[in-house]
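Written out below as structure tokens is the structure these notes cover.
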Amino acid sequence: MKVLVYSSFDDVAIEHRSAFSYPCQPNFLLSYDWFEVLYSTSLQPAWRPRIYVVCAHDGAPQAALFCCTKSESEARTLCSMTNFYAIEYSVSFANGAADRNAALAALLECIATERPRWHSVRLRLLKDSDPVSQAAAEGLSAKRFTTSRYFQYENWFLPVEGSFDEYYARRSSQVRNTIERKSKKLRKTHATEIVVQRSVGQALDAAISGFETIYNASWKQPEPHVTFIPALTRRAAELGILRLGLLRVDGQPAAAQLWLTCAGRAIIYKLAYDERFADLGVGSILSKELFRGAIDDDHVQEIDYGVGSESYKKDWMTACRRLEGLEAHNLHTLLGLSLSLTDASMSRLRHVRSALARLTSPADGR
């Protein structure tokens, strides 16, 4: 296998764009589309793309890894193309890739032998259940990189079983009673409308505007990159995977949720509500309708609540996995060796502090 390296999205060959675009790459969050939107709206110009494409001997694309580098002052560090907008990361395999293990091995061989050498490789948001995470750590270790994997976030999700009514009946009585009581009160005292926007057009523009109005009136910090959500929403609509739900109260946008639905999976990507309507339970009421649509209309097998351990997610989800980071330092370079020794020292210090804390803590029951 051979590996091609691109330093610009514009330079990526058309056949390679196609191979890793949705729906050829069914996981939108690992697709060319996702990384192009992410980079163009929130990573450039500070970061430069570095896109690896693995091809078989006949030229057929097998795998891609979307990375980026910063300035020369970052000392030859190769990073996953992720930031606070990303909720997972991995190698993107082409549909029908003949030998994923061989493709991954070729990819790691390329990265490990590039000149000038990389001092460090930093990958973020790897699922602990993803075999690529372990294989990447082992592959880089074999190339004389020291590697460490560490916990980053929880990722709560729901393996879907049965209809929405069956799922909803299994929620706690407190959750169900609260939603039904607030829903009844809301519809009795206010004109209420719920719409779910899926396609491009003027209605989508209005929905995006409504989402931004709600988000800016919510408890959340303003978006640091204001073009990201509109660009993501429009791209998702073009691909047919958008579910942008809005709840209006007396004609005013009150709650909004941005879901992405692809390959049997619904991803709850962003949500917010106007704090003026908090007592009306608008967020939970909208959630109920979007869960109903995902389960009964889209027939998804999984609903993913993204990154984070917020307590409200446990009201809706039943399972949790870990998202991890992978840090690798190259022992072939002086800086990589220095970083490796520093990491090892810090790790030992943390272990010592943890042991001391256990020794000095009061015994149970005292």
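The values are calculated or read from the model by the stated rules, or taken from the named source; none is laboratory data. Small disclaimer: the values here were computed from a predicted structure and weren't measured. Quick reminder, even Gly has a Cβ in these numbers, built from the backbone with ideal geometry, and neighbours come from all protein chains shown.
Values computed for the structure shown
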| quantity | calculated |
| --- | --- |
| Given (1) in a loop (DSSP other than H, G, I, E, B); (2) touching a residue at least 12 places away in the same chain (Cβ under 8 Å); (3) under 30 Å from ALA319 (Cα atoms), index of the condition LEU104 fails | (1) |
| Matching residues in the range 107-145 - criterion: being outside any helix (DSSP H, G or I), crowded, with 19+ Cβ neighbours inside 10 Å and either more than 25 Å from the chain's Cα centre (by Cα) or not assigned by TED's automatic domain parsing to the domain that holds CYS79 (or both) | TRP118, HIS119, PHE145 |
| All positions within the range 220-240 that are among the hydrophobic types (A, V, I, L, M, F, W, C), out of contact with any helix residue (DSSP H, G or I) (no Cβ under 6 Å at 6 or more places or on another chain) and either within 15 Å of PHE28 (Cβ to Cβ) or surrounded by 16 or more Cβ atoms within 10 Å (Cβ to Cβ) (or both) | ILE229, ALA236, LEU239 |
| Total residues in the range 152-163, condition surrounded by fewer than 17 Cβ atoms within 10 Å (Cβ to Cβ) and either under 23 Å from LEU104 (Cα atoms) or of a type in the set (S, T, N, Q) (or both) | 2 |
| Per-region count, the range 10-47, residues within 20 Å of the chain's Cα centre (by Cα) and within 21 Å of PHE84 (Cα to Cα) | 19 |
| Failed criterion for SER148 (all others in (1) surrounded by fewer than 17 Cβ atoms within 10 Å (Cβ to Cβ); (2) in contact with an Asp or Glu (Cβ under 7 Å, 6 or more places away or on another chain); (3) outside the structural domain of THR333 (by TED's automatic domain parsing); (4) not β-branched (Val, Ile, Thr) hold) | (3) |
| Where GLY251 falls short, out of the listed (1) of a type in the set (Gly, Ala, Ser); (2) within 19 Å of the chain's Cα centre (by Cα); (3) more than 22 Å from TYR312 (Cα to Cα) | (2) |
| Every residue from the range 180-219 that is in a loop (DSSP other than H, G, I, E, B) and surrounded by 12 or more Cβ atoms within 10 Å (Cβ to Cβ) | HIS190, ARG198, VAL200, ALA217, SER218 |
| Conditions (1) under 24 Å from PHE151 (Cα atoms); (2) assigned to a strand (DSSP E or B): number failed by LEU29 | (2) |
| Residues (free of Cβ contacts under 8 Å to residues at least 24 places away in the same chain and either over 24 Å from GLN197 (Cα atoms) or crowded, with 18+ Cβ neighbours inside 10 Å (or both)) located in the range 278-330 | ASP279, GLU310, SER311, TYR312 |
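This table checks each residue for (1) among the aliphatic types (A, V, I, L, M); (2) under 24 Å from CYS68 (Cβ atoms); (3) modelled with pLDDT of 95 or more.
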position: ASP128; (1), (2), (3): no, yes, no
position: ARG149; (1), (2), (3): no, yes, no
position: VAL160; (1), (2), (3): yes, no, yes
position: GLU180; (1), (2), (3): no, no, yes
position: ARG187; (1), (2), (3): no, no, no
position: ALA191; (1), (2), (3): yes, no, yes
